[in-house]
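Here's the structure we're looking at; comments come further down.
The values are calculated or read from the model by the stated rules, or taken from the named source; none is laboratory data. The structure presented is a predicted model; accordingly, all values stated were derived computationally and were not measured. With ideal geometry, Cβ positions are generated from the backbone for all residues, glycine too; neighbour counts draw on all protein chains shown. Please note that ligands, DNA and RNA were not included when accessible areas were found on the heavy atoms of the full protein model with its side chains. Shrake-Rupley method; radii C 1.70, N 1.55, O 1.52, S 1.80 Å.
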There are 2 protein chains.
Amino acid sequence: MQEELLLTPGPTPVARRTYQAMSQGIFGHRTNRFKALSADIQNKLQPLFGTDHPVAVLTSSGTSALEAAMVNLVDDGDSVVIIVSGVFGGKFADIAGRYNFKVHIYDVTWGQAADPEAFREYLNGIDNLAAVFTQACETSTSVLHPLAELSKVVHDYKEDALFIVDAVSALGGADIHMDRDKIDCLVSGSQKAMMLPPGLAFVAVNDKALGKINRSAHGRYYLDLKMYFKSLEVDYTPQTPAVTLYQGLDDVLNMIHDETLEQVYVRHKNMQKMLRRGIEALELELLVKEEDASPTVTAVKSSPEEIAHIKDELENNYHIAVAGGQKDLAGKIIRIGHMGFMFPKDMLAILSALEDILSRLRNKNYYGKALTAAQESLYEQA
Amino acid sequence: MQEELLLTPGPTPVARRTYQAMSQGIFGHRTNRFKALSADIQNKLQPLFGTDHPVAVLTSSGTSALEAAMVNLVDDGDSVVIIVSGVFGGKFADIAGRYNFKVHIYDVTWGQAADPEAFREYLNGIDNLAAVFTQACETSTSVLHPLAELSKVVHDYKEDALFIVDAVSALGGADIHMDRDKIDCLVSGSQKAMMLPPGLAFVAVNDKALGKINRSAHGRYYLDLKMYFKSLEVDYTPQTPAVTLYQGLDDVLNMIHDETLEQVYVRHKNMQKMLRRGIEALELELLVKEEDASPTVTAVKSSPEEIAHIKDELENNYHIAVAGGQKDLAGKIIRIGHMGFMFPKDMLAILSALEDILSRLRNKNYYGKALTAAQESLYEQA
């Protein structure tokens, strides 16, 4: 009878009220009703991104928004640097590899955040730098990169270089603010901390990036950001939008602002700390050190045998879905998402299951230990 | 209290059961559960397209699928012919214009279907023809082009040229069958006769087109059809799919096959005839002659004053949404959609409203006249 508890780092649970919002009934997107909805969404979306500029909303998954950022902001022959610290950095590199850019890969050990001073040294000698791409949270390792520091390094090196951030698994959970952090282009998707089903993607830009978009000579249509920003001037979309997801977007933005952005970030940080303290009490290893850890996802390390056993038990006997490792980390970690429509009680649910699984597996008594550590962490912070 | 009756040629009404299907709860797309859903959808989607090949499902609006067909099936320097008979043909031409193709436009008078014999003459002298693009139904005029005949003309002229059809406002309403009609690539979207909200698009190809896709050297990522067809071999998607829309897609395909494809086409044809006979009884003009008319949408002509009055009255006093004309036809027509989750009773609703509007406007008694003509048409056909 129990519903699956979806603790993967995307997709994430969607609230019942949001499903209802998405079931209100479809209507035409070339109408004043749609314009009013789109304008209302902009008012609530911009503070979330930390910008006063319109945010382009694409009907597609996050990958297309990453590709759009790349193709609209980089010209053939330009140098781009891609910070690769896991699978999603690799995806950025794959996309870049399809184009005629000079692609420079800055490799970061998986499980670590990029070090701004080491990155400053790396940049030296890269000519004609157009843009630096990074993830905010590298979902495959659960690291959160120091965006404001990296941005400063990029702009110190070349003032007009663009700092472009993929925040698909961070925005709405981690405290990211375009203007404050001097991010030139911030990209995200609907299905993670934004609490929606997949199907929408977002591209926010500052004046510098918008200027580049308007000067770009790429030959795109669906991913032509010029058309999106031009349509936004009159609250329209150039292509047919996923109207039901817009209705849902309006609802989740209300939820976020009702809770307040500040409190949303505190809740995510609280869940992260509860989980980390609980994991330690269970004598499991955390892949990422405290200061590099994302508030939206946590990677847990153990022997391949324990990892396989834990994942299998969670899914089959406790109705809890988590994610495994990818590529180099396959079989070595489990990843527990704690972003979006998730709450401290959900951390208790998984820690309770892990206590039981490990007590049996190791023939050792963990009952109450992880829960107590989590509980202490939560109320200590309050 | 009355809900709006959405008689636009897209978006179209979504059934309550489909909203429920889309509210079942989100789940991961890298799971066996998703693979099973995707495989099940393929089994039901292929007969609708009239193919034994997998049909690529893109998370995006129809335009991206049109662009994908173009960029994956045409190489730089190739000649393409685009049949332009309205706004959506023009959109195809706009997309093609972004690429390094030799673009040839075959203009058809708006409101008429392409004439296969005239098109045969036009093709003479076009060298290096790679592909011919056409709409099935040109939504802006309500014409249905003779696909099987046009296909024969294309393949007679050059056997390996591709015949590529945009069936966004036709598939699921008009009797189109890739294999029977010798269509090499058939593109559609979710939000018209497919009875879903916008957000999914479809690309079906035969062996010849798939071969071309696999040899293509374009530099795309999100619109790389190779990746979609390769993923389909194991029932996956290369990018994050719009899972809730997949759940809805599964439901509407069940609805279509429960009714049977044959009966779905009969229902659409019946609605078209009811409407056309009713429109004639109201002494309004039909833009398109009987043999060129699409079973999914009908364009009605009158003086600009009457058109404006009718559209305004329908929307404001009868809770019925219809579409106006676009570009050259702006202000000259209204377009009434009758595709997807629509039924003969919906034709009675709009004809009843039109009888009232025109009786008052023209000070003439139309009461019962359009309804009787529609009713006679419906039961004559049964």
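Over 17 Å apart: what share of the alpha carbon pairs of segment A:273-317 falls there, rounded to a whole percent?
35 percent
Could you look at the protein assembly as shown and say what percent of its accessible area is carbon and sulfur, using a 1.4 Å probe and all protein chains?
Using a 1.4 Å probe with all protein chains present, the protein assembly as shown comes out at 48 percent carbon and sulfur.
Using the crude model of +1 on Lys and Arg Cβ and -1 on Asp and Glu Cβ, and no other charge, please compute the dipole size for chain B relative to its Cα centre, in debye to 20.
760 debye
Rg/Rh for segment A:144-290 to two decimals, with Rh computed the Kirkwood way over all alpha-carbon pairs.
Over the Cα atoms of segment A:144-290, Rg/Rh equals 1.02.
Heavy-atom accessible area of A:THR134 with all protein chains present, probe 1.4 Å, nearest 10 Å²?
0 Å²
What longest region of chain A stays clear of GluC sites (Glu not before Pro) that DSSP places outside H, G, I, E and B and that have at most 13 other Cβ atoms within 10 Å?
The longest uninterrupted stretch comes out as A:4-158.
Rounded to whole Å and sorted largest first, list the principal axis extents of the Cα atoms in the protein assembly as shown.
Per principal axis, max minus min of the Cα coordinates gives 84, 56, 46 Å.
Given N residues in segment A:16-258, what is its alpha carbon radius of gyration divided by 2.2 N^0.38 Å?
0.98
Alpha carbon centre of segment B:209-235 versus segment B:82-138: separation in Å?
Result: 25 Å between the Cα centres.
Enumerate the calculated ³J(HN,Hα) couplings along segment B:130-139 in order (Karplus 6.51 cos²θ - 1.76 cosθ + 1.60, θ = phi - 60°), each rounded to whole Hz, writing x wherever the residue is Gly or Pro.
Computed from phi, the couplings for segment B:130-139 are 9, 7, 10, 10, 8, 6, 6, 9, 7, 4 Hz.
Roughly how far apart, in whole Å, are the Cα centres of segment A:147-201 and segment B:302-368?
48 Å
If you project the alpha carbons of segment A:28-83 onto the principal axes, what extent comes out on each, in Å, largest first?
43, 25, 18
With θ taken as phi - 60° and the coefficients 6.51, -1.76 and 1.60, list the Karplus ³J(HN,Hα) couplings across segment A:178-189 in order, rounded to whole Hz; mark glycine and proline as x.
Values per residue, Gly and Pro as x: 3, 5, 4, 8, 6, 8, 7, 8, 10, 10, 8, x Hz.
Give me the orientation-averaged projected area of the Cα convex hull of segment A:231-382, in nm², one decimal.
12.0 nm²
Tell me, what HN-Hα J-couplings in whole Hz come from the Karplus equation 6.51 cos²θ - 1.76 cosθ + 1.60 at θ = phi - 60° for each residue of segment B:279-296, using x for Gly and Pro?
Rounded to whole hertz, the list is 4, 4, 5, 8, 6, 9, 9, 8, 5, 10, 6, 3, 6, 9, 7, 6, x, 10.
Heavy-atom accessible surface, probe 1.4 Å, ligands and DNA/RNA ignored: which residues of segment B:178-199 lose at least 50 Å² versus the isolated chain?
B:PRO198
What gaps in nm, shortest first, separate A:GLU380 from its twins in the other copies when you place the label 7 Å past Cα toward the beta carbon?
Ordered by distance, the counterparts are at 8.4 nm.
Given H placed 1.01 Å from N in the peptide plane, which residues other than close sequence neighbours of A:ALA131 have an amide H under 5 Å from its amide H?
Amide H to amide H, under 5 Å and 5 or more residues apart or across chains, A:ALA131 pairs with A:VAL81, A:LEU162.
Cut-off under 23 Å on the C-alpha distance; same-chain residues fewer than 8 positions from A:LYS226 excluded. Which lysines are left, in chain and number order?
Output for A:LYS226: A:LYS35, A:LYS44, A:LYS182, A:LYS208, A:LYS212, B:LYS91, B:LYS327.
Could you pull out which residues in segment B:302-339 have an amide N less than 18 Å from a spot 7 Å beyond the Cα of A:ARG33, following the Cα-Cβ vector?
Backbone N within reach: B:311-324, B:335-339.
Give me, ordered by chain and number, the residues 5 or more places off B:LEU286 or on other chains with an amide H under 5 Å from its own placed amide H.
Under 5 Å from the amide H of B:LEU286 lie the amide H atoms of B:LYS301, each far enough along the sequence or on another chain.
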